[in-house]
1. Can you tell me which of (1) of a type in the set (F, W, Y); (2) more than 15 Å from T205 (Cβ to Cβ); (3) open to solvent by less than 70 Å² (accessible area, probe 1.4 Å) is the one W159 doesn't meet?
2. Among (1) more than 19 Å from Y239 (Cα to Cα); (2) part of a helix (DSSP H, G or I); (3) open to solvent by 20 Å² or more (accessible area, probe 1.4 Å), there is one condition D166 misses while meeting the rest; what is its number?
3. Check whether at least one residue in segment 197-213 is of a type in the set (F, W, Y) and either on the phi > 0 side of the Ramachandran plot or open to solvent by 30 Å² or more (accessible area, probe 1.4 Å) (or both), and report yes or no.
4. Looking only at segment 52-73, count every residue that is open to solvent by less than 10 Å² (accessible area, probe 1.4 Å) and in a strand (DSSP E or B) and tell me the total.
5. Can you name the number of the only condition in (1) surrounded by 21 or more Cβ atoms within 10 Å (Cβ to Cβ); (2) in contact with a Lys or Arg (Cβ under 9 Å, 6 or more places away or on another chain); (3) under 29 Å from S60 (Cβ atoms) that A171 fails?
6. Inspect segment 223-232 for any residue being touching a helix residue (DSSP H, G or I) at 6+ places or on another chain (Cβ under 8 Å) and within 28 Å of P22 (Cβ to Cβ) and give the result as yes or no.
7. Of all strands (runs of 3 or more DSSP E) completely enclosed by segment 74-145, which ones contain at least 1 residues that are open to solvent by less than 50 Å² (accessible area, probe 1.4 Å) and touching a His at 6+ places or on another chain (Cβ under 9 Å)?
8. Would a scan of segment 62-82 turn up a residue that is under 25 Å from G182 (Cα atoms), modelled with pLDDT under 95 and touching an Asp or Glu at 6+ places or on another chain (Cβ under 6 Å)?
Amino acid sequence: MQATTVLPRPADLFDQGLEQRPGSALLRFGAARQRPADRISWSGDGAAAWLDDVRGHVWSVGEPVAAAALVLRAAQGHPDRVREFTGPRGTDTLVARHLPMTDVVEWIFRWTVEEPPVQRGEERVVELGERHHDELLAFLNEHSPAHSTGPGSAGVSVWAGIRDDDGRLVACGALSSLRDSGAPLMASVATDARMRGQGLGAALTSWLTRYAVRSHGFCTLWQLADNAPADRLYNRLGYRNEDPCVAARIAVR
């Protein structure tokens, strides 16, 4: 398995027109909005890939066979820098023929450019500031210990929450950003475990989506592929579902 081309400039990622195809939203929103001159990138026959050097993460889009070829080329060319990857569904099976992997997770990269229908309870959402960081952290640690973004994280433009009649925080979420491009990314949406099923998550997600669309023109998020309730919610809010992905770590070689 071998990529057909190693391109000298990040801008050349877009020569194939991949960013305009269904299934390549991760390229459009994850890399296309900013193209640092020092970004390491690759292109093959039907795929493109680029390196997030801070994380040691290779992002790839396109056809699984071609994307897997680029992941392998990146891992073999930069063995000390590439530790994990994300690619179209099926990339993991192909890469695993050549490299040991761990922590394989299937995701869907979703996006919308439209404001969602107003959800019941959305008027209860309020912005939360720096003075609420301790409260937010305690809430997330209790109700979403695996949260991806915490109070004070770089790239967060807004935290929002819902309180009950006694002023107690019962739901929260953030609008963060994709590392490579700065594109708005919804993150760390959590609901009090005792109050799930009451539409709090839907209200908060709708509010954050509306905030992002009005501020940036679109919103993105990651959804676990097997999360059926989230899938139904994001469909209702108008999020596109064209980018099934898989992520994995490359085991120590």
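1. Of the numbered conditions (1) of a type in the set (F, W, Y); (2) more than 15 Å from T205 (Cβ to Cβ); (3) open to solvent by less than 70 Å² (accessible area, probe 1.4 Å), the odd one out for W159 is (2).
2. Among (1) more than 19 Å from Y239 (Cα to Cα); (2) part of a helix (DSSP H, G or I); (3) open to solvent by 20 Å² or more (accessible area, probe 1.4 Å), the lone unmet condition for D166 is (2).
3. yes
4. Qualifying residue count, segment 52-73: 5.
5. Single failed check for A171: (3).
6. Yes - at least one qualifying residue is present in segment 223-232.
7. 84-88
8. no
The values are calculated or read from the model by the stated rules, or taken from the named source; none is laboratory data. This structure is a prediction, so every number in the text was calculated from the model and none was measured. A quick note on method: Cβ atoms are made from the backbone with ideal geometry, for glycine too, and the neighbour counts reach across all protein chains shown. Surface areas here come from the heavy atoms of the whole protein model, side chains and all, with no ligands, DNA or RNA. Shrake-Rupley method; radii C 1.70, N 1.55, O 1.52, S 1.80 Å.
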